[in-house]
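Structure first, commentary second.
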C-alpha cells in the first residue's frame, strides 16, 4: 500500500516520537491518501490517519506495518476540513475525548481546572467540559492565549500563570475547591493544584509539558495530599484508546458540521518552513496536498 500527500502533525508539547536519525525522514502523526493498494480494507483514493508517517510525498507501508503505524481509514466528509483529523478528530481530540468518556462523570456545578488549557488537548477538554454544564477554569502562558480561552473556547475564567500567582488565582476562582483537574503540565503546577482539590476530588493526568521542558526535574512536595484527601488520580494515554476513533468521529463530527465546536488555533505551513523556528502551539506541516 502506498500513501501519498502526507499532511504531518508535529507534536510540539512533549514529543511523542524520538528525534529522527541522520539522513532519515522525520516522522509524526499524519494524514495520507492511498494512491495504490492491494489491501481491500484500504481502497485506492481513501484517506487514512496514522502514527509514524514520514515527512515525504510518497511512502510505502507494508501489511506488517499497518498495525505498527496504527493506520486507520477516516470518514471523509466534504463539510469538514481534513486538518480537523489532526486536531479535534485526531490524536489531540482523542486524548481529550477518551479522558472524559472513560474516566470522568461530570455533575452540574462542578468546578474543573485545566492547566495548559490553550493547547490543542486542553482547549478541547474545555470545550467538552463546558458542554456538560460545569464551570471551567483554564491557565495559559500568555495574555493572548488567555483571551483566546475566554473569547473563543468559552471558559468561565482564565489566567496567565507566568504573570499571575496560580495559588492566588485558584483560591479566588475556586474558593470552595476544585472537583476535577485535567493536568497537562505536571511538576510544580500539579503541586499547587493539589492544595486546592476538594476531598474525594479527581485528577486526570494527560500531559506533562512542564516536566518535558524542565532542565532539572521537579520534585513534587504535595503528593501526600492524594492520600490525605482521598483523591482519585488517573493517567491516560491516547495510544491505549486508538480503538475509540470511530466513537470520537461519530459523536463529534455532527457538532463540527453544525458549527457547535468553537474554532481552535490551527497553523498549517509548507514543508521545511517549520525549520524557521518561528511557529508554536499545534503545527500541521503540509508535505503534499490531498
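The values are calculated or read from the model by the stated rules, or taken from the named source; none is laboratory data. Keep in mind that this is a model prediction, so the values were computed, not measured. Methodologically, a virtual Cβ is constructed for each residue, glycine included, from the backbone with ideal geometry; neighbour enumeration extends over all protein chains shown.
Counted as qualifying within segment 176-244 are the helices (runs of 4 or more DSSP H) with 2 or more residues that are assigned by TED's automatic domain parsing to the domain that holds residue 138 and closer than 24 Å to residue 118 by Cα, namely 187-194, 209-212.
Taking segment 1-38, which residues are within 23 Å of residue 89 (Cβ to Cβ), modelled with pLDDT of 85 or more and over 28 Å from the mean Cα position of the chain (by Cα)? Result: 35, 37.
Just so you know, in segment 260-284 the residues that are more than 15 Å from residue 121 (Cα to Cα), in a loop (DSSP other than H, G, I, E, B) and under 20 Å from the mean Cα position of the chain (by Cα) include one that is modelled with the lowest pLDDT, and it is 279.
This table checks each residue for (1) modelled with pLDDT of 95 or more; (2) farther than 24 Å from residue 103 by Cβ; (3) under 23 Å from the mean Cα position of the chain (by Cα).
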{"residue": "158", "(1), (2), (3)": "yes, no, yes"}
{"residue": "163", "(1), (2), (3)": "yes, yes, no"}
{"residue": "179", "(1), (2), (3)": "yes, no, yes"}
{"residue": "201", "(1), (2), (3)": "yes, no, yes"}
{"residue": "204", "(1), (2), (3)": "yes, no, yes"}
{"residue": "209", "(1), (2), (3)": "no, no, yes"}
{"residue": "219", "(1), (2), (3)": "no, yes, no"}
{"residue": "225", "(1), (2), (3)": "yes, no, no"}
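Matching residues to (1) in contact with a helix residue (DSSP H, G or I) (Cβ under 9 Å, 6 or more places away or on another chain); (2) outside the structural domain of residue 174 (by TED's automatic domain parsing); (3) surrounded by fewer than 16 Cβ atoms within 10 Å (Cβ to Cβ); (4) farther than 21 Å from residue 237 by Cα:
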{"site": "63", "(1), (2), (3), (4)": "no, yes, yes, yes"}
{"site": "70", "(1), (2), (3), (4)": "yes, yes, no, no"}
{"site": "75", "(1), (2), (3), (4)": "yes, yes, yes, yes"}
{"site": "79", "(1), (2), (3), (4)": "yes, yes, yes, yes"}
{"site": "99", "(1), (2), (3), (4)": "yes, no, no, no"}
{"site": "102", "(1), (2), (3), (4)": "yes, no, yes, no"}
{"site": "108", "(1), (2), (3), (4)": "no, no, yes, yes"}
{"site": "114", "(1), (2), (3), (4)": "yes, no, no, no"}
{"site": "124", "(1), (2), (3), (4)": "yes, no, no, no"}
